[in-house]
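Laboratory data are not the source of any read-out in this text; all were calculated from the coordinates shown. From a predicted model like this one, the values you see are computed outputs, not experimental measurements. So basically every Cβ, Gly included, is an ideal-geometry build from the backbone, and we count neighbours across all protein chains shown.
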Amino acid sequence: MSNLQQADPAIYSAIEKEVARQNEGLELIASENFVSRAVMQAMGSPLTNKYAEGLPGKRYYGGCQFVDVAEDIARDRAKQLFDCEWVNVQPHSGASANAAVYLTLMQPGDTFLGLNLAHGGHLTHGSPVNFSGILYKSEYYGVEPDGPLAGRIDMNKVREQALRIKPRMISIGASAYCRDFDYAAFRSIADEVGAFLWMDMAHTAGLIAAKCLNDPLPHCHIVSTTTHKTLRGPRAGMLLIGKDGENTMGKVAPKSGRVKNWSELFDSSVFPGMQGGPLMHVIAAKAVAFKEALDDSFKTYSKQVIANSQAMADAFVERGYNVVSGGTDNHISLIDLRNKGITGKDAEIVLGEADITVNKNMVPYDTESPFVTSGIRIGSPAMTTRGLMEDDFRAIVGMIDTVLSDPTNATLIKNVRGSIHELTARFPLYDFVTA
Ligand SMILES: Cc1ncc(COP(=O)(O)O)c(C=O)c1O
């Protein structure tokens, strides 16, 4: 990094401090991970210089012969990884991929049915401050407040709502839902009401690729994802179709009158629909990450992500914490802190003082505002990448409990911070920049 250090000391210093923070601290944000150096090298490559609007072999610019190779490799690997017929690797982010879904399947004003944002759904699934809630009419299903399905989705209720609302699209996927989805049941409801079915697997893509969770691709019309969470690639998005075919919306090619395939509609929604030039350096980095994810070691990693997440959830339950739905099937645990007398906001702050990074999160039927919240969301992907195992995660829960049980005790927090630094020092991360 010597060029950067000399050319721009201010930015170098910010990076240096952030790297030290990542090295020393405990990263428990469920949506974050640590990419390999190979992924970072592709992202930091001169491919950033290249304009390549269009698709491989059909670009609007010359000189694309080598970036075409990179994008074709990324597409082929993604298809192999998810066993699907079509992908578009160009979305700049998860939100961009989702924008292309709406643009393809919905007209402004159309109604869709998705997971309540306060029950784990994402901003791009109909929040009033997001384009999805501004341009389209959102209706929600949620999780049960109590009973045998507490914290889980009741598919009978989803069906009742779908029959009543008759949405044009049903969305699945979440930012804070700890249980797996029943895609076959969702598809049967979608078919019954004549709706499109969309899964946003941004959070769980890596676990799905590793076959640790149910596979949405055989059941959904379209699947979107990020590539940077459990999939452990660069910060970006992607669209996938399990089985391509003629679209049922009557869209035809203007000159020939040929009925277009779904894949063609989604390709043109990404470009020129809502993006300009693709980020070829990021697409190359996606290709590298997909190669890593195709390796057997990624299955081992993904299984460990879930084992660690479950060890953490069990340890919270043992210590009297209310884990939403009583546990987890994936990399996330959502902890309702209402019986512990501390808000999500305060928990996030005080844990941050001990160099434990989590995020405050609404819990289902929350009584606090989204800025305060009653819960925290905790995830295992990043620290599993660093090599931590179940016992380490149980020990972490002990440290979190120590801090949350006595949140104003500065000496205690300082001691926990010391223990965290000892723990992270045993699992080195990036040593190419030192603080
Ligand atoms: C379910 C879901 N969809 C979409 C996104 C948006 O991804 P991005 O931040 O890359 O736009 C997120 C990000 O947290 C997410 O959790």
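When the Gaussian network model of the chain links Cα atoms closer than 10 Å, the mean-square fluctuations of Y301, Y51, Y60 top out at Y60.
Can you classify segment 128-225 as rounded, prolate or oblate using the Cα gyration tensor, where a ≥ b ≥ c are the square roots of its eigenvalues, rounded means a/c under 1.5, and otherwise it's prolate if a/b beats b/c and oblate if not? Could the numbers behind the result be given before it?
Working: a/c = 1.31, a/b = 1.15, b/c = 1.14.
Rounded, since a/c falls under 1.5.
Extension gain, K299-I134: 0.36 nm per intervening residue step, less the Cα-Cα distance, totals 55.5 nm.
What is the calculated FRET efficiency for L149 to A410, with r their C-beta to C-beta distance and R₀ = 51 Å, to the nearest 0.05? Intermediate values should be presented prior to the final figure.
On the way: r = 42 Å, r/R0 = 0.83.
Using R0 = 51 Å, I get an efficiency of 0.75.
The order of S263, S369, going from fewest to most other C-beta atoms within 10 Å of their C-beta, is S369, S263.
Sequence gap at least 6, Cα distance under 8 Å: using those rules, report the relative contact order of segment 42-294 to the nearest whole percent. Over segment 42-294, the number comes to 29 percent.
Which FRET efficiency value, to the nearest 0.05, do you get for D76 and E318 by plugging their Cβ-Cβ distance into 1/(1 + (r/R0)^6) with R0 = 56 Å?
Calculated value: 0.75.
In straight-distance terms, cross-link reach from K340 covers every one of the aspartates and glutamates whose alpha-carbon lies under 18 Å from its own, apart from those fewer than eight places away in the same chain; here that gives D314, E318, E348, D366, E368, D401, D406.
Taking 7 Å steps out from each Cα toward its Cβ at V69 and E353 produces label points 5.5 nm apart.
Panel order for D215, D244, by other beta carbons found within 10 Å of each beta carbon, from fewest to most: D244, D215.
Taking 0.36 nm per residue of sequence separation and removing the Cα-Cα distance, the N49/S256 pair yields an extension gain of 70.9 nm. Inverting the pair-averaged 1/r between distinct Cα atoms of segment 362-427 gives 13.7 Å as its Kirkwood hydrodynamic radius. Across S175, S419, S309, mean-square fluctuation computed from a Gaussian network of the chain (C-alpha pairs under 10 Å connected) peaks at S419.
Of the lysine pairs in segment 42-294, how many meet both conditions: Cα atoms under 14 Å apart, and a spacing of 8 or more in sequence or different chains? Walk me through the intermediate numbers first.
On the way: K79/K243; K79/K286; K79/K291; K137/K166; K157/K166; K229/K286; K251/K260.
Lysine pair count for segment 42-294: 7.
Length gained on full extension, L123 to R164: 12.4 nm, using 0.36 nm per residue less the C-alpha separation.
Note on segment 42-294: percent of Cα-Cα distances in each 5 Å bin, starting at 0 and stopping at the bin with the largest distance, equals 1, 6, 13, 18, 19, 17, 12, 7, 4, 2, 1, 0, 0.
Taking the radius of gyration and the Kirkwood hydrodynamic radius from Cα positions alone, what is the Rg/Rh ratio for the chain, to two decimal places?
On the way: Rg = 22.2 Å, Rh = 22.7 Å.
Taking Rg over the Kirkwood Rh, I get 0.98.
When the Gaussian network model of the chain links Cα atoms closer than 10 Å, the mean-square fluctuations of E85, E422, E53 top out at E422.
Restricting to DSSP H runs of at least four residues, report the calculated mean residue ellipticity at 222 nm for the chain, -39500 (n - 2.57) per run over all residues, nearest 500 deg cm²/dmol. Could you put the intermediate results ahead of the total?
Working: 16 runs with 183 residues, N = 435.
Mean residue ellipticity at 222 nm (helix-derived): -13000 deg cm²/dmol.
Expressed per residue, the C-alpha convex hull volume of segment 72-121 stands at 123 Å³. DSSP beta bridges confined to the chain are antiparallel in about 55 percent of cases. Once the mean of 1/r is taken over each pair of separate Cα atoms and inverted, segment 296-425 shows a Kirkwood hydrodynamic radius of 14.8 Å. Taking Cβ atoms as reference points and 11 Å as the exclusive limit, the residues near M43 contribute a net charge of +3, counting Lys and Arg as +1 and Asp and Glu as -1.
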